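First the structure, in the form of structure tokens, and then the observations on it.
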Amino acid sequence: MEPGFIGSGDAPGFEELLAAARYSACHLQMRDVYGVADEPDGFERWERTGERDTDPRSAYWAPWVELIGRAAARGIRTRRARIVSEPVTPYIAYEHAGTSVNVRAGENVRWLPRRQASDIALPGNDFWLFDRAAVLFNHYTGTGDRSEPKGEVRTEPTVIQLAASAFETVWERGVPHEKYSL
């Protein structure tokens, strides 16, 4: 991929970038609230009962588990790091309750309290970094819903370096999922 910006019309999507990855996919999440357009029933149920779908074969989880499982079978190391405010928002508690499925699918997940991220140079948006060759930035509205364009792919070396440095610093400081409690 040539260095530069790939606009939303020409940009490969997440699945295409993951399929092209040769060794790694790293996801940095920095928001405390995400829109729940694709999960309103699950989030509402969790808020009401405290129960979260953690069945990797469920209609909600199966596509993700299969996608990450295929990547893992190819030797792709998938890591997810989340920077969170504490006490956490209800949405982050909901994500925490379902993260066991991410882990079973093959992701390594860590959590970093936001107060421990003050001295880290962070990009302005959540992102996926593939093989230190491409960054897919995700765009959201103020309420956490996906905005248009939904994302942008960047391949400039300085952008790759910023994303890689931010992710690795968060990862080093982060608490492994199995040790992070709310």
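The values are calculated or read from the model by the stated rules, or taken from the named source; none is laboratory data. This is a predicted model, so every value here is computed, not measured. As a convention, Cβ positions derive from the backbone with ideal geometry for all residues, glycine included, and neighbour counts pool all protein chains shown.
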Give the residue, chosen from 88, 109, that is more than 13 Å from residue 177 (Cα to Cα), touching a residue at least 60 places away in the same chain (Cβ under 8 Å) and either surrounded by 14 or more Cβ atoms within 10 Å (Cβ to Cβ) or among the β-branched types (Val, Ile, Thr) (or both).
-> 88
Those residues of region 24-40 that are touching a helix residue (DSSP H, G or I) at 6+ places or on another chain (Cβ under 7 Å), of a type in the set (A, V, I, L, M) and either closer than 30 Å to residue 74 by Cα or at pLDDT 95 or above (or both) come to a total of 2
What number of residues within region 122-159 are touching a Ser or Thr at 6+ places or on another chain (Cβ under 7 Å) and over 18 Å from residue 15 (Cα atoms)?
-> 3
Among the residues of region 110-143, write down those that are more than 13 Å from residue 171 (Cα to Cα), modelled with pLDDT of 95 or more and of a type in the set (S, T, N, Q).
-> 118, 125
If you go through region 59-69, how many residues are part of a helix (DSSP H, G or I) and in contact (Cβ under 8 Å) with a residue 12 or more places away in the chain?
-> 5
So residue 101 clears everything in (1) in a strand (DSSP E or B); (2) under 14 Å from the mean Cα position of the chain (by Cα) except one condition, right? Which one?
-> (1)
Could you tell me whether any residue of region 112-120 is assigned to a strand (DSSP E or B), surrounded by 15 or more Cβ atoms within 10 Å (Cβ to Cβ) and not hydroxyl-bearing (Ser, Thr, Tyr)?
-> yes
Within region 138-161, the residues that are surrounded by 19 or more Cβ atoms within 10 Å (Cβ to Cβ) and in contact with a Pro (Cβ under 7 Å, 6 or more places away or on another chain) are 153
When you look at residue 83, is it β-branched (Val, Ile, Thr), assigned to a strand (DSSP E or B) and buried (at least 21 other Cβ atoms within 10 Å of the Cβ), yes or no?
-> yes
Please enumerate the residues belonging to region 154-181 that are part of a strand (DSSP E or B) and within 14 Å of residue 124 (Cα to Cα).
-> 154
Please work out which residue is nearest to residue 166 (Cα to Cα), limiting yourself to region 67-79 and to residues that are of a type outside the set (Lys, Arg) and either at pLDDT below 95 or surrounded by 13 or more Cβ atoms within 10 Å (Cβ to Cβ) (or both).
-> 78
